[in-house]
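The values are calculated or read from the model by the stated rules, or taken from the named source; none is laboratory data. The model shown is predicted, which means the values in this text are computed figures rather than measured ones. Quick reminder, even Gly has a Cβ in these numbers, built from the backbone with ideal geometry, and neighbours come from all protein chains shown. These accessible areas exclude ligands, DNA and RNA; they are computed on the full protein's heavy atoms, side chains included. Shrake-Rupley method; radii C 1.70, N 1.55, O 1.52, S 1.80 Å.
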Amino acid sequence: MDKAAIVQFAKSKGYYDVIYNGEWRSYDVYEPVFQGNEVHYVGPPLAILVKGDEIRMSTVEEAFEILDEMETEE
């Protein structure tokens, strides 16, 4: 999937852009980001998951698994 489609998905969820964070369990993982430097209180650190033509927000459980597993890999 091209980045423009992923950014469009992020914008539909209230974000401004995305940052690619790597691969997790065969998904490409993108961090959704807001525009500007203001602090945004949004809840759990959800990620955008992309596999083939599928694009979705992670669940809360997946978000913490991604953080834990990707941090361990570094």
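Looking at region 34-43, is at least one residue touching a Leu at 6+ places or on another chain (Cβ under 9 Å) and not hydroxyl-bearing (Ser, Thr, Tyr)?
Filtering region 34-43 down to residues touching a Leu at 6+ places or on another chain (Cβ under 9 Å) leaves none.
Within region 34-43, none of the residues are touching a Leu at 6+ places or on another chain (Cβ under 9 Å) and not hydroxyl-bearing (Ser, Thr, Tyr).
Which of the residues belonging to region 1-43 are part of a loop (DSSP other than H, G, I, E, B), farther than 21 Å from Val60 by Cβ and among the hydrophobic types (A, V, I, L, M, F, W, C)?
Quick first cut of region 1-43, residues part of a loop (DSSP other than H, G, I, E, B) only: 1-2, 13-16, 25-26, 34-43.
With farther than 21 Å from Val60 by Cβ added as a condition, the list becomes 1-2, 16, 35-38.
Answer for region 1-43, where residues must be part of a loop (DSSP other than H, G, I, E, B), farther than 21 Å from Val60 by Cβ and among the hydrophobic types (A, V, I, L, M, F, W, C): just Met1.
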What residue, among those in region 44-74 that are in a loop (DSSP other than H, G, I, E, B) and over 20 Å from Val33 (Cα atoms), is least open to solvent (accessible area, probe 1.4 Å)? Gly52
Has region 2-11 got at least one residue that is of a type in the set (D, E, K, R) and more than 13 Å from the chain's Cα centre (by Cα)? yes
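Here's the yes/no breakdown for (1) of a type outside the set (Val, Ile, Thr); (2) at negative phi; (3) within 9 Å of the chain's Cα centre (by Cα):
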site	(1), (2), (3)
Lys13	yes, yes, no
Val33	no, yes, yes
Gly36	yes, no, no
Val42	no, yes, no
Asp53	yes, yes, no
Met57	yes, yes, yes
Val60	no, yes, no
Ala63	yes, yes, yes
Ile66	no, yes, no
Looking only at region 12-43, count how many residues are in contact with a Pro (Cβ under 9 Å, 6 or more places away or on another chain) and surrounded by 13 or more Cβ atoms within 10 Å (Cβ to Cβ). 4
Between a first residue in region 6-32 that is within 17 Å of Glu71 (Cβ to Cβ) and a second residue that is in a helix (DSSP H, G or I), which pairs have beta carbons less than 7 Å apart while being 6 or more apart in sequence or on different chains? Asn21/Met70; Gly22/Met70; Trp24/Ile66; Trp24/Glu69; Trp24/Met70; Val29/Ile66; Tyr30/Ile6
